[in-house]
Amino acid sequence: MTVTSSERTLLDSIDAQEIVSLTTSLIDAGGENPGDTEEATAKVLAEHCRALGFDVRTVEVAPGRPNVFVSIGSAERPGVLFVGHSDVVPAGTGWTTDPFSAVVRDGRIVGRGACDMKGGLAAVVAAMAAVHRAGLADEHPMTLACLVDEEDTGLGIRAFVAESEQRNYTCCVVAEPTDLVTIVGCRGAANIEVEVRGRSAHAGQPRNGANAISAAARIIGIIEGSQAELDANPDPDLGPATWNVGTIAGGTGTSMVADRCVLAVDRRLLPGESAAGVVGDLRSRIESAELTGSGIDVDITISMEMPGFLTSVNHGLVTTAVQSVIDARFIPNGRSAGSTPAPNGRFAGSTPAEFTDIWTASCDGGFVAQQMGIDTVVLGPGEIENQAHRPDESLAVQQLTDSARAYALIATRIAALPGL
């Protein structure tokens, strides 16, 4: 796609220092989760966007935990939805700086949440500001949904997709860290708890009891058998669904038959799968193995579910996102986009797949795609595998600027696509 003179002006209006300033302010506001502390981050974002003249709405999902919605342009026209989150994982130990006092060094911003995902939020706001200043907002509306609790149980996204009154959106870009590679799909995830209750007895006469740990071990075997079936039937794009037994806890003493054992299990979901369906299948397998009865009972509960999604690499949103990243990164710098290396180091070919990937992580985008019916990609600054959730988490300033430019191009180009 040829970059027009008006697009060049739009790109040139994006100020890296403004993005850095907002990113550092958002980092300094904290927001560790678990901890229910997103309110300060939400306040910084809301006040900054109000000062820019944007429409800002806050919705308290739980006490002190507000979702923030920032919009520009007419609510009568469909626009691009950008999704992010205000919470960060706990700082932990091993930092060489104060994790909640951001510093800029060697062209990178260092602080908890720089990569995941305070930088992404700031880049979206910068793109919105550029579109707003250029007088293009009414023609190309944009909304940022900054949601709470993404790192834990998803309270924010669940409240958002359940809202009865929504703006009309053409598509969704989740601004999570992807190293500026367009992510077209990811598996969903479910946290499942399997509680096995048995009957205690003296270890000298174990047959007088019913050992919950032994029954739980057999359930683990059932899960492993299910995994073998999943491995044999992978999704052609996302690979197989997976099980992982993360923790096991049970028993009260060596000389006692265990009367309780609990398994905490992760189940990655393919698009179209539900946690309820997975649990139903597991219950059927346990019943078929005749594990229950004779003093053994099993309860299975779902503590968290996040759906997956998959968007075709040939979809207009994907091709637009890919080209916008290329133009944002290389055209303004005077380079040719004809044989430019893709953001992940691969070289451009003749298909969008050269610039796209599948995620092993999960994100709020699955809710948007599944429950709102909106085509979705994940695209943002930062490297999730090498920077997110680590001590001295950091993000390159240049990627912040490139992301803001790409977001502005996506927002202004998407309306021209047929069917969107």
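The values are calculated or read from the model by the stated rules, or taken from the named source; none is laboratory data. Since we're looking at a predicted model, the values are computed, not measured. FYI the Cβ positions are ideal-geometry reconstructions off the backbone, even for glycines, and counts take in every protein chain you see.
Some notes on this structure:
- Qualifying residue in the range 117-128 (condition: assigned to a loop (DSSP other than H, G, I, E, B) and at pLDDT 95 or above): no
- Applying the criterion of at least 3 residues that are among the small types (G, A, S) and in contact with a Ser or Thr (Cβ under 9 Å, 6 or more places away or on another chain) to the strands (runs of 3 or more DSSP E) found wholly in the range 133-244 leaves 188-197.
- Residue within the range 62-74 that is surrounded by fewer than 16 Cβ atoms within 10 Å (Cβ to Cβ), within 28 Å of N386 (Cβ to Cβ) and at pLDDT below 95 present: no
- Single residue of the range 70-95 satisfying the filter (among the charged types (D, E, K, R) and over 15 Å from the mean Cα position of the chain (by Cα)) that is nearest to D12 (Cα to Cα): R77
- Any hit, the range 96-105, residues being more than 26 Å from V59 (Cβ to Cβ) and under 21 Å from the mean Cα position of the chain (by Cα): no
- Unique match (being at negative phi and in contact with a Pro (Cβ under 8 Å, 6 or more places away or on another chain)) among G84, G79, G73: G79
- For S284, the criteria (1) surrounded by 15 or more Cβ atoms within 10 Å (Cβ to Cβ); (2) at pLDDT 95 or above; (3) outside the structural domain of S13 (by TED's automatic domain parsing) hold in every case but one, which is (1).
- Look at the range 96-118: where a residue is assigned by TED's automatic domain parsing to the domain that holds G30 and farther than 16 Å from D179 by Cα and a partner is among the acidic types (D, E) and part of a strand (DSSP E or B), sitting 6+ places away or on another chain with Cβ atoms under 8 Å, you get R112/E32.
- Unique residue being under 28 Å from A321 (Cα atoms) and surrounded by fewer than 14 Cβ atoms within 10 Å (Cβ to Cβ) when the list is G107, G79: G107
- Pairs linking a residue in the range 209-226 that is over 14 Å from R283 (Cβ atoms) and assigned by TED's automatic domain parsing to the domain that holds C261 to a residue that is of a type in the set (S, T, Y) and outside any strand (DSSP E or B), with Cβ atoms under 8 Å and 6 or more positions apart or on different chains, are G209/S200; A210/S294.
- The range 21-55, residues that are closer than 19 Å to H132 by Cα and buried (at least 19 other Cβ atoms within 10 Å of the Cβ): L22, L45, A46, H48, C49, F54
- Apart from one condition, G225 fits all of (1) of a type outside the set (D, E); (2) surrounded by 14 or more Cβ atoms within 10 Å (Cβ to Cβ); (3) on the phi < 0 side of the Ramachandran plot; the exception is (2).
- Residue among V61, V110, V70 that alone is of a type in the set (V, I, T) and within 22 Å of Q398 (Cβ to Cβ): V110
- Selection from the range 326-367 of residues that are farther than 13 Å from V184 by Cβ, touching a Leu at 6+ places or on another chain (Cβ under 7 Å) and modelled with pLDDT of 90 or more: D327, A328, D364
- The range 294-314, residues that are crowded, with 18+ Cβ neighbours inside 10 Å and either of a type in the set (S, T, N, Q) or assigned to a loop (DSSP other than H, G, I, E, B) (or both): G295, P307, G308, T311, V313
- A129, sole failed condition from (1) more than 22 Å from V397 (Cβ to Cβ); (2) in contact (Cβ under 8 Å) with a residue 24 or more places away in the chain: (1)
- Boolean, P34 is in contact (Cβ under 8 Å) with a residue 60 or more places away in the chain and either farther than 16 Å from F160 by Cβ or not β-branched (V, I, T) (or both): yes
- In the range 57-79, the residues that are aliphatic (A, V, I, L, M), part of a strand (DSSP E or B) and over 18 Å from S25 (Cα atoms): V59, V61, A62, I72
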